[in-house]
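The values are calculated or read from the model by the stated rules, or taken from the named source; none is laboratory data. No experiment lies behind these values; they were computed from the predicted model shown. We place every Cβ from the backbone using ideal geometry, glycine too, and count neighbours over all the protein chains shown. Surface accessibility is based on the protein's heavy atoms, side chains included, excluding ligands, DNA and RNA. Shrake-Rupley method; radii C 1.70, N 1.55, O 1.52, S 1.80 Å.
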Amino acid sequence: MKLQNDLLLRAARGEKTERTPIWLMRQAGRILPEYRIVRERCGGFKQLVETPELASEVSIQPVDILGVDAAIIFSDILVIPEAMGLPYQMIESTGPWFEKTIQSSADIDKLKIAEASDIQYTTDAIRITKKALNGRVPVIGFAGAPWTILSYMIEGKGSKTFSKAKKFLYTEPKLAHKLLDKITKSTINYLKGQISAGADIVQVFDSWAGVLSPEQYSEFSARYISAISDSITEVPVIVFAKGAYFARKEFGKSSCSVIGLDWNMDIEESRTLVGPGKTLQGNMDPCLLYADFDTIKSATEKMLKAFGPHRHIANLGHGLYPDTEKDKVKFYIDTVKNFKF
Ligand code: CP3
């Protein structure tokens, strides 16, 4: 079906656009009271992820309420460890928790390589969302990067330092590669399933990229992300590696179409490092949205000028924080949409 608003896809492919497209990481959920109502109604986060009709409803909410140029499908990166054999729980106001973690070679052998059909609730949610949107905006599919997923499989929960996961890389590098390889294969199957279901573009989230050294990052993360983007030839791939300022040049040479920047990464320097053949995404500090309207406007316009009119997708440098006011979020989006170069 032809899209009425394909700004995001054109920007990702490097084509000219009338204005800069915008979507926000963590736009589905968190800040919207409308989301919380649906979440309460179905009994919690995981139930919502696993109920395609409702996951679709909250994926579309930010398109209707905030006016973003794409819907990201409501799910989580942790569906992959679960499909491989490590179920997770989402504990209220604490975050994810895994009963079983990976400690040994035998634990890795027990994991299965996930198929898209193991996560059918999300591919179904994409199908329903595509149908309901009826071509209004594109749908973004996503998965976690293998290193970020490995971190949760080893640590069993979030961490400030990810020192257990890093210890595993230093002490058991062969096992780490064996595990990363299984996660990579699962992720490719899953993303291909999302694309078959209708995802128009996919993003790989490497949320914990910034805890690794440049050498470790290249060996244990970037090469697996590149393997994923090499095998996704159907749609553009966005790579968002939070904190990995040292990997911009390497991603610039990879097959992805778009590179996400966080707010620590200088915009001009990033353009030079990645070269002219990539689109950049980002990169406002989500905390800017706590500021007053005038401050938001001037910082947004400064950001847009630094990126320039082409090969830019506006976003934040990481996900929205839950206590951000909806009006400020909408104002940021409208400032981008109304800006004239
Ligand atoms: O972006 C979107 O709006 C789509 C949905 C989405 C969620 N998680 C829903 C969610 C996406 C793309 C994710 C990705 C995700 N999940 C990442 C990578 C992005 C990032 O922020 O770095 C990570 C690291 C996770 C793992 C995860 N899920 C954690 C650590 C937590 C608890 C803390 C938190 O962020 O709230 C979650 C829960 C989660 N995933 C919520 C949502 C809306 C909050 C649950 C709720 O309150 O309903």
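What do the square roots of 5 times the Cα gyration tensor eigenvalues come to for the stretch 261-341, in whole Å, largest first, as semi-axes of the equivalent ellipsoid?
22, 14, 10
Please state the Cα pair-distance histogram of the stretch 1-148 with 10 angstrom bins from zero: what percent is in each bin?
Reading the bins upward from 0: 10, 36, 33, 17, 5, 0.
Given N residues in the stretch 143-234, what is its alpha carbon radius of gyration divided by 2.2 N^0.38 Å?
In units of the globular-protein estimate, the stretch 143-234 measures up at 1.08.
Dipole of the chain (Lys/Arg Cβ +1, Asp/Glu Cβ -1, origin at the Cα centre): which of Leu9, Ser255, Ile31 lies farthest to the positive side?
Of Leu9, Ser255, Ile31, it is Ser255.
Roughly to the nearest percent, how much of the accessible area of the chain is carbon and sulfur, given a 1.4 Å probe?
After summing per-atom areas, the C and S share lands at 52 percent.
Please report the Cα spread of the stretch 7-338 along all three principal axes, rounded to whole Å, starting with the longest.
Per principal axis, max minus min of the Cα coordinates gives 56, 47, 36 Å.
Full-extension gain between Glu215 and Glu325, please, as 0.36 nm times their residue separation minus the C-alpha to C-alpha distance.
35.6 nm
Return the lysines within reach of Lys242: Cα separation strictly under 16 angstrom, same-chain partners fewer than 8 residues apart disregarded; answer none if there are no such residues.
Hits, sequence-local ones excluded: Lys160.
Before I look further, what does the stretch 7-338 give for accessible area per residue, probe 1.4 Å, in whole square angstrom?
Spelled out: the 1.4 Å probe surface of the stretch 7-338, per residue, equals 39 Å².
Suppose a student asked you for the relative contact order of the stretch 208-330, using Cα pairs under 8 Å spaced at least 6 residues apart; what percent would you report?
22 percent
Going down the list Lys253/Lys328; Lys182/Lys278; Lys46/Lys185; Lys192/Lys326, which pairs span over 31 Å between their C-alpha atoms?
Lys253/Lys328; Lys192/Lys326
Work out the charge dipole of the chain with +1 on the Cβ of Lys and Arg and -1 on the Cβ of Asp and Glu about the Cα centre, then indicate which of Ala314, Ile149, Ser163 is farthest towards its positive end.
Ala314
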